[in-house]
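Engineer: Please find one structure pasted underneath; my questions will follow.
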Amino acid sequence: MRYSQFLSFEWKQFKRSSSFQKGIGIKIVLLLAALYFIAAFTSLGLVAYYLIQKSFPQLDPIVVVNNYLIFWFLLDLTYRFFLQQLPVMNIKPFMLVPVKRSTIIHYLLAKTSWSFFNWLPLFFFIPFAIILLVEAYPLIQVMGWLVAMILFTLSLNYLNFLINKNNTYFYGLVSIIFSFAALRYFNIYDITVLAGEFFNKMYSLWYAFLIPLLLLVLLYRRNYAFVRKSFYLDDAIRKEKKLVKTQEFSFLNRFGKMAPFLKNDLKLILRNARPKQVLFMSFLFLFYGLIFYTQETYSDSPAFLVFASVFITGGFLLSYGQLVPSWDSEYYKLLMSQNIPYRQYLESKWYLMLVAVIISFILATPYIYFGWDIYAMIAAGAIFNIGLNSFITLFGGALNRVPVELNVKAKAFGNTQGFNPTQLLIALPKMLGPMLIFYIPYKLINFNAGLLALALSGLIGLMLKSFFLNKIESIYQKGKYKTIAAFNEKK
């Protein structure tokens, strides 16, 4: 069987799927995002040489780039791990027909090479290499360096495949990275110096590209062996056995009738891949303020600092809350068939977001280092998140009828699960609302008036909690059967 036939089968499967027409709008948005990143990387590749030359006139731009390539590739691997969609192929039908396993596995692995994440770095490296040639750098050395960069990029692709599929590789790689980071932090050994020398050899010795070529071959063969090991029909249809750990969470019994819902949510988060990913990303939101508070550019734009302050304590609320009730999509019909008041279901979600905001606020205490004004801003943002953002998020959930697979991690540019254009509209008041509430009193009166207005808006929302929950409950009730039908539809 030729590879073109595999492509034909997959295209027919994609075109005939129920989500093909529904996903057109999302695919257009992702296409525009891809075009934006392509333009950004191309522009960077064209101007990087001259920017480095202007900033560091005593240094060779190619040496500067090589010295920092280790950070480029670490960042590349990081966003691949969280965003890259690994290839998926329905192999069961092919196991019953006379098609060589090696043919299918080679096609599956080759399919990863066409990922957008493999092409994106080329829009920096190729323009940069062209500029080097324009500046009269030796052709053979530039081409050898460019080929090496392409091979390293493809190697990261297959390394990402391994660390996504095998925890041993993941924890091993993380341990190595943290070890090198610790050695550098404590001034024991700076691995970046050795890395810089290594990448400079990739340029000075044109035949050094054979090293990344060997690395690519080894990683490819390791991936091939890994896939082939489990490429059997009985392995494909066998149910995975897992050790079930029971967790009572008896401390939640104090919440009365809402306790079962809260326990269910905690078990869902602790036992499944997608909620764990969201929990980890929510933790990263705590560092969002470092982007803004450390830049003098934003010191005269407190509205942008408010934007950051809301995100610091609202990471879990915004990421987890926007997928209510999609988290329960796999058993939503069963849930709705029980004699359960919708109000208790929604209120349990609200309390979960409330606790998350409070914990985030406590963990944000080190931001006092930037001054009490900043910490007061974070506190006002936390109150706004509890009093208004939580209800806006729950309202948005009523309009979100996209099911979520709990054990499938979210990936960009290939997995639009749990995402729809409605969420973009709901996100606007959550992001722009606090900035506007703060900015008007700040401009008319002073900074403290802006903070007070932001905090008061949250407190007013808390006082109107019953009113908001009643309205949101009625919206959920009206769309109950549409939601059940949407969650039951096979993707």
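Engineer: Can you find even one residue in segment 285-298 that is open to solvent by 40 Å² or more (accessible area, probe 1.4 Å) and within 13 Å of the chain's Cα centre (by Cα)? Write out each step before concluding.
Structural biologist: Of the residues in segment 285-298, the ones open to solvent by 40 Å² or more (accessible area, probe 1.4 Å) are 285, 287-288, 290-291, 294-298.
Filter once more, so that each one left must be within 13 Å of the chain's Cα centre (by Cα): 285.
Within segment 285-298 (the criterion being open to solvent by 40 Å² or more (accessible area, probe 1.4 Å) and within 13 Å of the chain's Cα centre (by Cα)), the answer is yes, since at least one residue qualifies.
Engineer: Just to be sure I understand the filter: pairs with C-beta atoms under 7 Å, separated by 6 or more residues or on different chains, first member in segment 66-79 and among the β-branched types (V, I, T), second member surrounded by fewer than 17 Cβ atoms within 10 Å (Cβ to Cβ). Which pairs pass?
Structural biologist: Cβ pairs passing all conditions: I70/T192.
Engineer: Another question, if that's okay. Check segment 80-92 and report whether any residue there is surrounded by 18 or more Cβ atoms within 10 Å (Cβ to Cβ) and either under 30 Å from L205 (Cβ atoms) or modelled with pLDDT of 80 or more (or both).
Structural biologist: yes
So that you can scan it fast, the table gives a plain yes or no per residue for (1) open to solvent by 80 Å² or more (accessible area, probe 1.4 Å); (2) more than 30 Å from A303 (Cα to Cα); (3) at pLDDT 90 or above; (4) assigned to a helix (DSSP H, G or I):
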{"position": "A449", "(1), (2), (3), (4)": "no, no, yes, yes"}
{"position": "A453", "(1), (2), (3), (4)": "no, no, yes, yes"}
{"position": "S457", "(1), (2), (3), (4)": "no, no, yes, yes"}
{"position": "I460", "(1), (2), (3), (4)": "yes, no, yes, yes"}
{"position": "F467", "(1), (2), (3), (4)": "yes, no, yes, yes"}
{"position": "S474", "(1), (2), (3), (4)": "no, yes, no, yes"}
{"position": "Y481", "(1), (2), (3), (4)": "yes, yes, no, yes"}
{"position": "A485", "(1), (2), (3), (4)": "no, yes, no, yes"}
{"position": "K491", "(1), (2), (3), (4)": "yes, yes, no, no"}
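Engineer: Among the listed residues Y189, Y224, identify the single one that is surrounded by 14 or more Cβ atoms within 10 Å (Cβ to Cβ) and either touching a helix residue (DSSP H, G or I) at 6+ places or on another chain (Cβ under 7 Å) or at pLDDT 75 or above (or both). Break it down into steps so the answer makes sense when it comes.
Structural biologist: Details: Y189 fails: surrounded by 14 or more Cβ atoms within 10 Å (Cβ to Cβ).
Criteria check complete, one pass: Y224.
Engineer: Restricting attention to segment 436-447, and to residues there that are surrounded by 15 or more Cβ atoms within 10 Å (Cβ to Cβ) and touching a Pro at 6+ places or on another chain (Cβ under 9 Å), which single residue is farthest from G397 (Cα to Cα)? Break it down stepwise before answering.
Structural biologist: Just the residues of segment 436-447 that are surrounded by 15 or more Cβ atoms within 10 Å (Cβ to Cβ), to begin with: 437-439, 441-442.
Going one step further and asking which of them are touching a Pro at 6+ places or on another chain (Cβ under 9 Å), we end up with 438-439, 442.
On the way: F438: 26, Y439: 28, Y442: 32 Å.
Going through the qualifying residues, I end up with Y442.
Engineer: Next up: How about segment 154-172: which of its residues are part of a helix (DSSP H, G or I) and either in contact with a strand residue (DSSP E or B) (Cβ under 8 Å, 6 or more places away or on another chain) or over 12 Å from Q84 (Cβ atoms) (or both)? Even if it seems obvious, please write down each step before you answer.
Structural biologist: Step one: of segment 154-172, the residues part of a helix (DSSP H, G or I) are 154-165, 167-172.
Hits for segment 154-172 are L154, S155, L162, K165, N167, T168, Y169, F170, Y171, G172.
Engineer: Would you say F307 is over 18 Å from F261 (Cβ atoms), modelled with pLDDT of 90 or more and either open to solvent by 10 Å² or more (accessible area, probe 1.4 Å) or touching a Lys or Arg at 6+ places or on another chain (Cβ under 6 Å) (or both)?
Structural biologist: On the way: over 18 Å from F261 (Cβ atoms): yes; modelled with pLDDT of 90 or more: no; either open to solvent by 10 Å² or more (accessible area, probe 1.4 Å) or touching a Lys or Arg at 6+ places or on another chain (Cβ under 6 Å) (or both): yes.
Spelling it out, it is not the case that F307 is over 18 Å from F261 (Cβ atoms), modelled with pLDDT of 90 or more and either open to solvent by 10 Å² or more (accessible area, probe 1.4 Å) or touching a Lys or Arg at 6+ places or on another chain (Cβ under 6 Å) (or both).
Engineer: A follow-up question, please. With the checklist (1) of a type in the set (A, V, I, L, M); (2) surrounded by 15 or more Cβ atoms within 10 Å (Cβ to Cβ); (3) at pLDDT 85 or above in hand, flag the one item I163 doesn't pass.
Structural biologist: (3)
Engineer: Continuing with this model, one more query. Select from segment 249-271 the residues that are of a type in the set (K, R) and within 17 Å of V324 (Cα to Cα) and write down the one among them that is surrounded by the fewest Cβ atoms within 10 Å (Cβ to Cβ).
Structural biologist: Selected residue: K267.
Engineer: I want to confirm something. Restricting to segment 317-336 and keeping residues that are of a type in the set (F, W, Y) and touching a Phe, Trp or Tyr at 6+ places or on another chain (Cβ under 8 Å), which single residue is farthest from D373 (Cα to Cα)?
Structural biologist: To start, the set of residues in segment 317-336 that are of a type in the set (F, W, Y) comprises 320, 327, 331-332.
The next check asks that each one be touching a Phe, Trp or Tyr at 6+ places or on another chain (Cβ under 8 Å); those that pass are 320, 327, 332.
Working: Y320: 29, W327: 37, Y332: 44 Å.
By that ranking, first place goes to Y332.
Engineer: Look at L46 and say whether it is open to solvent by 40 Å² or more (accessible area, probe 1.4 Å), within 19 Å of L120 (Cα to Cα), modelled with pLDDT of 65 or more and more than 27 Å from the chain's Cα centre (by Cα). Working first, answer last.
Structural biologist: Details: open to solvent by 40 Å² or more (accessible area, probe 1.4 Å): yes; within 19 Å of L120 (Cα to Cα): yes; modelled with pLDDT of 65 or more: yes; more than 27 Å from the chain's Cα centre (by Cα): yes.
Judged against the criteria, L46 is a match.
Engineer: Only one of (1) small (G, A, S); (2) surrounded by 13 or more Cβ atoms within 10 Å (Cβ to Cβ); (3) without any contact (Cβ under 8 Å) to a residue 40 or more places away in the chain is not met by S329, so which one is it?
Structural biologist: S329 satisfies all of (1) small (G, A, S); (2) surrounded by 13 or more Cβ atoms within 10 Å (Cβ to Cβ); (3) without any contact (Cβ under 8 Å) to a residue 40 or more places away in the chain except (3).
Engineer: Let me ask something else about it. Check every one of the helices (runs of 4 or more DSSP H) wholly within segment 309-413 and list those with 2 or more residues that are among the basic types (K, R). Step through it out loud before you land on a result.
Structural biologist: Working: elements: 332-336, 342-363, 372-384, 390-398.
Here the list reads 342-363.
Engineer: Out of all the residues in segment 169-189, is one or more touching a residue at least 40 places away in the same chain (Cβ under 8 Å) and of a type outside the set (A, V, I, L, M, F, W, C)?
Structural biologist: no
Engineer: Taking segment 187-217 only, how many residues are in a helix (DSSP H, G or I) and over 33 Å from the mean Cα position of the chain (by Cα)? Show your work before the answer.
Structural biologist: At the first step, the residues of segment 187-217 found to be in a helix (DSSP H, G or I) are 191-204, 206-217.
Keeping just the survivors that are over 33 Å from the mean Cα position of the chain (by Cα) gives 201, 203-204, 206-208, 210.
Here the count works out to 7.
The values are calculated or read from the model by the stated rules, or taken from the named source; none is laboratory data. This one's a predicted model, so the numbers in the text were calculated from it and none came from an experiment. Positions of Cβ are generated from backbone atoms using ideal geometry, with glycine treated the same way; all protein chains shown enter the neighbour counts. Surface accessibility is based on the protein's heavy atoms, side chains included, excluding ligands, DNA and RNA. Shrake-Rupley method; radii C 1.70, N 1.55, O 1.52, S 1.80 Å.
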